[in-house]
Each structure stands twice: as C-alpha cells, then as structure tokens.
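Read the figures in this text as sums done on the coordinates, not as results from a lab. Every value quoted in this text rests on a predicted model; they were computed, and no experiment measured them.
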Amino acid sequence: MLGSVLTLAKFFAEKSVGQFMVTVALFFLILIFTPDDISAFIEERSGFPYAAQIFSFAVAYLIVLILKAVGQFFMSVVPLYYRSIKTKRMLKTLNSLSSEQLLLLEPFLKTRSRTFLASWDNPYVNALVKAGIVRPVNSSIGGVSVIFKIEPEYEPLMLSAWNPCTKRFDISR
C-alpha cells in the first residue's frame, strides 16, 4: 500500500498542481455520478476491489490530458487566425490607397528607403498618417517639410505583396 502511494506521489510531483486538482475533481464527479450497478459490474468482472475507482481515476486523467492538448492546439491556432485577420485588414488598407499616395510610397517600394520628405500640409500624407502607414519623424527646412517613416508593421507586408506591374498589393503571388 505504501509503495503504491509513493509511486503515485512521485508521478504527480512532476505534474502541475492545477492539472492534478482538475483530475481529482473529475475523479470525484465521475464517482458521484456513476451508477452503483456499473461500479459493481466493473469490480465483479475485474476480480479485485477498487477497480471502479482506479478506472474512474484513469478516465479523469485521460480527460485532463485530452483537454490540455486541445487547449494547447487552440492557443497555437488563435494567434495565427488573428495575424491572418490583421494582414487582410492591412492589405485592404494598402489597396485602398490612391495613386498619389502610392507615388509617395514609391521610393520605399523601389529602393527600400524607409523615409521620405513631404510637406506637412499635404493631404495625401495626412491620409497615410491617419491610416497608420507612415508617421512623422523629424521636421526640416524651417518646419515646412517633414520626414516621414514607414511604420515597421507595414514594411514587410508592403515589400512582399507589392506588384509593380499592377501597382497593387497582392499576397497571392
């Protein structure tokens, strides 16, 4: 008896406390809601006492392991899903740019120059700033012209999706 208790203690010492507590809670729920005739049937067929309790604990532990694997799967899939949605939203924003706005971004698309100089009162630059594609970095020439920088989250998407022939951003190429 003591040997089996020590074996179980060593086994569960390597597991998380939360996992163990959920297993114990499920174990007791299974014992409470299992009809007595099923417990008697398992003990009668197996030929040793406490077979129903051992089986119930094994089922509870198996349920916890399955739930843990499903949880880890969803924790890895959900960020990919949100990243995909964010990329689609960014592509929609980029494809809604006017030809004048694309002309402002053309140095970056051709030479990968992350900054460009434009007038502060340029409505096309202001639209790019409002869309979150560029941001003002520095003023120059008496505050009339401003240096704008491409936002880092847009850089790789713009470079990978730009199609110079169609002048559109297309992720499928």
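Things to note:
- Convex hull per residue volume in Å³, alpha carbons only, for the chain: 220
- Across the chain, C-alpha contacts under 8 Å between residues 6 or more apart give a mean separation that, scaled by the residue count, equals a relative contact order of 14 percent.
- In a fully extended conformation the segment linking Y50 and R112 would gain 15.2 nm over its present Cα-Cα distance, using 0.36 nm per residue.
- Straight-line reach from K110: taking Cα to Cα under 17 Å and skipping same-chain neighbours fewer than 8 places apart, the aspartates and glutamates in range are E100, E151, E155, D170.
- Calculated on alpha-carbon atoms, Rg and Dmax of segment 97-169 in Å: 11.9, 38
- Whichever lysines have a C-alpha closer than 27 Å to that of K10, once near sequence neighbours (fewer than 8 apart) are set aside: K68
- Gain upon complete extension [V144, Y82; 0.36 nm per residue less C-alpha separation]: 18.4 nm
- Here's how it looks for K167: its modeled amide H is under 5 Å from none belonging to a residue 5 or more places away or on a different chain.
- Gyration tensor over the Cα atoms of segment 1-89: the corresponding equivalent ellipsoid has semi-axes (square roots of 5 times the eigenvalues, largest first) of 37, 17, 9 Å.
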